[in-house]
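Asker: One structure coming up, written as structure tokens, with questions to follow.
Read-outs throughout are calculated quantities, based only on the coordinates presented, and are distinct from any laboratory measurement. Just so we're clear, the structure is a prediction, and the values are computed from it rather than from any experiment. Methodologically, a virtual Cβ is constructed for each residue, glycine included, from the backbone with ideal geometry; neighbour enumeration extends over all protein chains shown.
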Amino acid sequence: MKMRMKKSISLLAVCLLVVGILTGCGTKFDAGKYVQAQLDNSFKNDSSLIVEQKIAEADEAKEVYEQGIDTVVDNFFLGVTVSDDLKARYKEIFQKMFEKAEYTIKESAKQDDGSYTVTIEYKKMKFFEPALEQLKDKAEDMNSDDVNDYFEALADIMEGIINDGVEYGDAKTMDIHVEIQNKVYTINSTDIQTLNNEIFDFDKVQ
């Protein structure tokens with residue numbers, strides 16, 4: 001039986017929170033911390049910098065994170081009917097996978113137009129490629145017409161990869177652009193998707 005899965009959308013794009021242009025005596029926008037806050041809240045469910053920079057309250061950031069995870073899971077199974085229990089299992093898997101994202105903010109520079117360029121060092125996670133290779137081997141011995149059985153098998157494999165230790169590629173860098181749109185700072189949408197695809201190997205999902 002051939003499984004069809006959709007590429008997961010960018011969790012960062014779903015969880016992105018914006019902050020108004022900071023004004024007032026002694027107030028300075030820190031683009032590096034802003035990007036760090038977005039990544040930490042989106043991937044690691046850590047809202048500490050979101051709260052520190054007054055982008056949102058902890059409960060608001062948590063709600064946005066939960067909505068993001070649910071959207072990623074729904075998109076992963078788009079067009080495929082699976083049980084609620086299986087969806088809940090994959091939600092936990094994705095949460096654990098995103099927590100293992102490897103990234104470091106290196107530097108930020110303000111541009112002439114008021115925007116910022118933030119340089120990020122990251123390592124690409126090798127997750128879906130080994131998981132799907134293992135599933136391919138396992139599926140040869142399976143004889144089922146129930147798609148849930150294959151997704152259960154994939155869940156077992158993915159949990160095993162998380163527990164045994166995820167492997168990463170070599171460290172690379174990329175620039176993220178923080179722009180002013182409608183008087184708020186926000187990360188460039190194209191950069192969001194690029195970063196998502198660079199940190200995670202969603203390109204291996206078909």
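Asker: Once label points are set 7 Å from the Cα along Cα→Cβ at both residue 67 and residue 136, what is their separation, rounded to one decimal in nm?
Answerer: That separation, rounded to one decimal, is 3.9 nm.
Asker: OK, next. Please turn the phi angles of the stretch 101-118 into ³J(HN,Hα) values with the Karplus equation 6.51 cos²θ - 1.76 cosθ + 1.60 (θ = phi - 60°), one per residue in order, whole Hz, x for glycine and proline.
Answerer: Going residue by residue, I get 4, 10, 7, 9, 7, 9, 6, 9, 9, 7, 9, 4, 8, x, 7, 10, 10, 10 Hz, with x marking Gly and Pro.
Asker: Roughly what angle does helix 189-199 make with the longest principal axis of the chain, taking Cα atoms, 0 to 90 degrees, to the nearest 10?
Answerer: For helix 189-199, the angle is close to 50 degrees.
Asker: Students often get this wrong: which residues of the stretch 151-186 have the backbone nitrogen under 18 Å from the point 7 angstrom along Cα-to-C-beta of residue 33?
Answerer: Output list for this probe position: 178-179, 185-186.
Asker: While we're on this one: What's the extension gain from residue 144 to residue 13 if we count 0.36 nm per residue and subtract their Cα-Cα distance?
Answerer: 43.5 nm
Asker: Can I ask one more? Out of every Cα pair in the stretch 134-184, what percent are spaced more than 12 Å from each other?
Answerer: So the pairs more than 12 Å apart make up 76 percent of the total in the stretch 134-184.
Asker: What share of the DSSP beta bridges in the chain is antiparallel, in percent to the nearest 5?
Answerer: Around 95 percent of the beta bridges assigned by DSSP in the chain are antiparallel ones.
Asker: What residues have an amide H closer than 5 Å to that of residue 201, excluding those fewer than 5 places away on the same chain, when H is modeled at 1.01 Å from N in the peptide plane?
Answerer: Residues meeting the amide H criterion: 125, 127, 128.
Asker: Hey, could you pull the Cα Rg and Dmax for the chain, both in Å?
Answerer: 18.7, 68
Asker: If I fit a long axis through the Cα atoms of helix 128-139 and take the longest principal axis of the Cα atoms of the chain, what angle between them do I get, 0 to 90°, rounded to 10?
Answerer: Tilt of helix 128-139: around 10 degrees.
Asker: Taking the 0 to 90 degree range and rounding to the nearest ten, how far is the long axis of helix 147-164 tilted relative to the main principal axis of the chain, both from C-alpha atoms?
Answerer: 60 degrees
Asker: Say we join alpha carbon atoms closer than 10 Å with springs in a Gaussian network model of the chain; which of 81, 186, 173 then has the biggest fluctuation?
Answerer: It is 81.
Asker: To the nearest 20 debye, what charge dipole does the chain have about its Cα centre, counting +1 at the Cβ of each Lys and Arg and -1 at the Cβ of each Asp and Glu?
Answerer: Charge dipole, the chain, about its Cα centre: 600 debye, nearest 20.
Asker: Related question: On full extension of the chain, what length is gained from residue 52 through residue 107, given 0.36 nm per residue of separation minus the C-alpha to C-alpha distance?
Answerer: The span from residue 52 to residue 107 would gain 17.9 nm if fully extended.
Asker: Output the relative contact order of the stretch 51-206, whole-number percent, from Cα pairs under 8 angstrom with separation of 6+ residues.
Answerer: The value is 26 percent.
Asker: Which of 45, 148, 182 moves most in a GNM of the chain, Cα contacts under 10 Å?
Answerer: 182
Asker: Still on this model: Kindly give the semi-axes, whole Å and largest first, of the ellipsoid equivalent to the stretch 111-153, taking each as the square root of 5 times a Cα gyration tensor eigenvalue.
Answerer: Over the Cα atoms of the stretch 111-153, the ellipsoid semi-axes are 44, 13, 6 Å.
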